[in-house]
Amino acid sequence: MKVLLVNPPLRRMVSANVPAFVEKERGTYPPLGLLYIAAYLRERGPVGIEVQVLDTVLMNLTDQQIEEHVREANPDVIGVQTLTFTLLDSLSLVQIAKKVNPHITTVLGGRHCDHYPVETLCHPGVDFVVTGEGEVTMTCLVEHLNDLDILKDMPGLTFRYGDRIVNNPGIPIEKLDELPFPARDMTPYGEYRFLLAKDAVFTTLVTSRGCPYRCSFCDEGHHKFRAFSAQRVVEEILDCRRRLGIRQFFIFDSTFTVDRQRVLDICALLLEHKVDVSFDIRSRIDLMDDEMLHALKQAGCSRIQYGVESGNNGILAAIGKNITVEQVRQVVHKTRTYGFEILCDFMIGLPGETAREVEDTIRLALELPINYAQFAITTPYPGTALYRYGMEKGLFGDYWGVFSRDPSEEFRAHLWEESLDRKQLTDLMMQAYERFYFRPAYIVQELRNMNSLSEIYHKIKAGLRLAFCSVKERM
């Protein structure tokens, strides 16, 4: 049995809610979800299974080159990561696989499939859809591929069974520590590049799944929070350091600091093992304190990313953030005193916002002692409270559902246009980027902080692209 797992290209991406130059210059990072599945299949799949991972984004492959790779791999099963933004590319890849060999079993899985499993299955060439966490489900699918009577009771599978469609919801994996480390060795891990990376070789790391919080604009809170143990997290870091030579880690948990004691234990273990690594984390403002900041700094954490979203207390309350602007100021200033780099996320055009409230947000970003700011236009995504609220108010229908059934390259995601229209929102977002990144004092500060010619090159390139996009948006 041969299995090929594919990270599809990004050529037909649905327009995101951040500027194109941000997406382009951000870089590429390992498809960690696929690498978890690859590792599970390799370790616990059927005897004789052969697993490969093809990252078409990293390799910048054309459709013709993808076809050649599929033909050479000659898989029995091809699994394609499927996000809403990449749906068109994922479906195109299915067609390529079926062109190479109509008997290849195609499997799609990812966050888009979680929300629209049946719609995804109904596209030509799609044989199975995996929902939820795919390690166990994908392995069982491969093991019982020719026995649909067993598969019809398998959690997390959607497929045609006779004249009906089986649609079984996924079940979260409770004992995360039992999962093998992601199969980073199945991709050219040393070739990934990330704008904020200071080392030539880095990787991403996930130490928990799900989120206990219920922000209205995010669907992560609908997934039960579970975490790897501190011991398991440090073992994975040690494995990357010793076996692969990786010393920089971007921890992609939605909120790394949910379990305070676990954070302190991870830091203590890193110090105990004297691991020479650097890592960055994401945190909520209201979960950070002095003891944690001190422990993180000692253990090698260099950057903290905070989701601030708005500079207006009324808006923060309305979206369920449960923080205040004053808390933001206090925690960010405290974080700075410990010597961390700081990145803050802000949203433009939240419910109830006019240009005045957006100005509050921009001014807060300019006031805070932070190194980076990311501004995104509020976009209602499927599965979020914001999406349901927008439909209830009659601002839009189930447009993501329409796109899922009939995807088109002309599709444009709806923005939250209750008070500000698309052009106003885009102008405000570009103004926010310009005012933050084109300050002379900021430019001098960042040039002083750069450690290599490569870092200088990539950041200057990103800055020039920002300048070009700013002019282009106004033409």
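Throughout, read-outs are computed from the coordinates displayed, never taken from laboratory work. Quick caveat, the model's predicted, so the values are computed rather than measured. So basically every Cβ, Gly included, is an ideal-geometry build from the backbone, and we count neighbours across all protein chains shown.
Below, the figures for the structure above:
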read-out: Reachable aspartates and glutamates, given that their alpha-carbon falls under 12 Å from the alpha-carbon of residue 98 and they are not under 8 places away in the same chain; value: 67, 76, 127
read-out: Amide hydrogen neighbours beyond the local backbone of residue 309, cut-off 5 Å, H modeled; value: 345, 346, 347
read-out: Extended-chain gain in nm, criterion 0.36 nm per residue less alpha-carbon gap, residue 408 and residue 421; value: 2.4 nm
read-out: Theoretical FRET efficiency, 1/(1+(r/R0)^6), r = Cβ-Cβ of residue 47 and residue 193, R0 35 Å, to 0.05; value: 0.40
read-out: Modelled FRET efficiency - R0 25 Å, residue 337 with residue 242, Cβ distances, 0.05 increments; value: 0.15
read-out: 18 Å cut-off, amide nitrogen to a point 7 angstrom out along residue 392 Cα→Cβ, residues in segment 418-435; value: 418
read-out: Residue-wise HN-Hα coupling along segment 116-121, computed from phi with Karplus coefficients 6.51, -1.76, 1.60 (Hz; x: Gly, Pro); value: 9, x, 5, 4, 5, 4
read-out: Label zone at residue 171 (point 7 Å along Cα-to-Cβ), backbone N below 12 Å, segment 132-148; value: 136-137
read-out: Dmax and Rg, reported as Rg then Dmax, of segment 2-167 (C-alpha, Å); value: 15.3, 49
read-out: Part-to-part distance (alpha-carbon centres) for segment 391-411 and segment 179-216, which is given in Å; value: 31
read-out: Separation in nanometres of the label points that stand 7 Å from Cα toward Cβ, at residue 103 and residue 60; value: 3.8
read-out: Within segment 392-452, trypsin sites (Lys or Arg not before Pro) in DSSP loop having at most 12 other beta-carbon neighbours inside 10 Å; value: 393, 412
read-out: Where labels lie 7 Å past Cα in the beta-carbon direction, separation of residue 144 and residue 95 in nm; value: 3.4
read-out: With Cα atoms, 0 to 90° folded angle of helix 87-100 axis to the chain main axis; value: 30
read-out: Spin-label model distance (nm) - residue 229 vs residue 289, 7 Å beyond Cα toward Cβ; value: 2.5
read-out: Extension gain, residue 354 back to residue 1 (0.36 nm per residue minus Cα-Cα distance, nm); value: 121.4 nm
read-out: Mean Cα-pair separation over length for the chain, i.e. relative contact order, pairs under 8 Å, 6 or more apart, %; value: 13
read-out: Sequence-distant aspartates and glutamates (8 or more away, or on other chains) whose Cα lies within less than 16 Å of residue 297; value: 265, 272, 276, 280, 289, 341
read-out: Equivalent ellipsoid semi-axes - Cα gyration tensor, the chain, angstrom; value: 36, 28, 22
read-out: Long-range amide H partners of residue 207 with built H, under 5 Å; value: 252, 253
